[in-house]
Amino acid sequence: MIINTGARTDTVQYYTPWLVNRFRAGFVYVRNPLFPNKISKYDLRPGYVDAVLFCSKDYQPILPYIDEFTKHCNTYFHYTITAYGKDIESGVPSIDESIETLKALSKAVGRERVAWRYDPVLLTDRYTAETHEFTFNYIAERVHQYIDRCIFSFVEMYRKLERNMPELVKISDEEKDRLAAMLGRAAAEHGIYIQTCGTNGDYTRYGIQQSGCTTLDIIGKANGVSFRNVKHKGMRNTASSQEVTVPSRRA
């Protein structure tokens, strides 16, 4: 079983004490967001967890506890550092603060377990293609020795996002091509393996690989292990995951 701590929220940035306590206790209850009365219990003991995937924009809160996780099981860390300031990401540290934290994380867990995420790539009047080019190069120059790879994707223009961020500029295919060429060129200059996330376009002509954001192969190589490629069968009653139904308060 692989535990993804960042699937619903930035657990590391906002809930590190809770996360540490759950792993110390050896289990966690998770509520189904679509069916709130259904709660699943997951066993977090080493014998049941094959790997833990972290995805955060600020690893500073968890650094004092990092050894507890790396000794507990296999791990992999996605660290998002982008060009955006407080106007878009109010709770995220500055780029320079994030770079220093990434270095500390890499030294603690090993560069092979750390991926730098530069996503989503979006455009506004303030965050132009030129801004991305400058910022990506700035970050790449400082983190290339501390990461396994870089992952990027272009923003997907959902209706809700368009409504909440009217300043967004739709990225044309030509602009995506230009941005991808820039990212590929900069990554190559700094010796960084770069890939898209899933099916976010084919830019292999710019040295950008296509892959899932986190595959069994990526996690396995980072930890020196091999995983069986077992097809996901959804929620089921097992010793490590038990689903229970909570009676409705109106019943």
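Observations on the structure shown:
- Applying the criterion of being among the β-branched types (Val, Ile, Thr) and assigned to a helix (DSSP H, G or I) to the residues of the stretch 86-102, the residue that is surrounded by the fewest Cβ atoms within 10 Å (Cβ to Cβ) is Ile95.
- Test: residue in the stretch 181-197 that is in contact with a Gly (Cβ under 6 Å, 6 or more places away or on another chain), surrounded by fewer than 17 Cβ atoms within 10 Å (Cβ to Cβ) and of a type in the set (Gly, Ala, Ser): yes
- Those strands (runs of 3 or more DSSP E) of the stretch 27-85 in which 1 or more residues are farther than 20 Å from Ala108 by Cα, without any contact (Cβ under 8 Å) to a residue 24 or more places away in the chain and in contact with a helix residue (DSSP H, G or I) (Cβ under 6 Å, 6 or more places away or on another chain) occupy 27-31.
- Selection of first residues in the stretch 210-231 that are within 16 Å of Gly198 (Cβ to Cβ) and touching a residue at least 40 places away in the same chain (Cβ under 8 Å) and of second residues that are among the basic types (Lys, Arg) and surrounded by fewer than 18 Cβ atoms within 10 Å (Cβ to Cβ), restricted to Cβ pairs under 6 Å at least 6 apart or on distinct chains, gives an empty result.
- Helices (runs of 4 or more DSSP H) fully within the stretch 155-250 counting 1 or more residues that are at pLDDT 85 or above, small (Gly, Ala, Ser) and in contact with a strand residue (DSSP E or B) (Cβ under 9 Å, 6 or more places away or on another chain): 173-189, 216-223
The values are calculated or read from the model by the stated rules, or taken from the named source; none is laboratory data. This structure is a prediction, so every number in the text was calculated from the model and none was measured. Glycine gets a Cβ as well: all are built from the backbone with ideal geometry, and neighbour counts include every protein chain shown.
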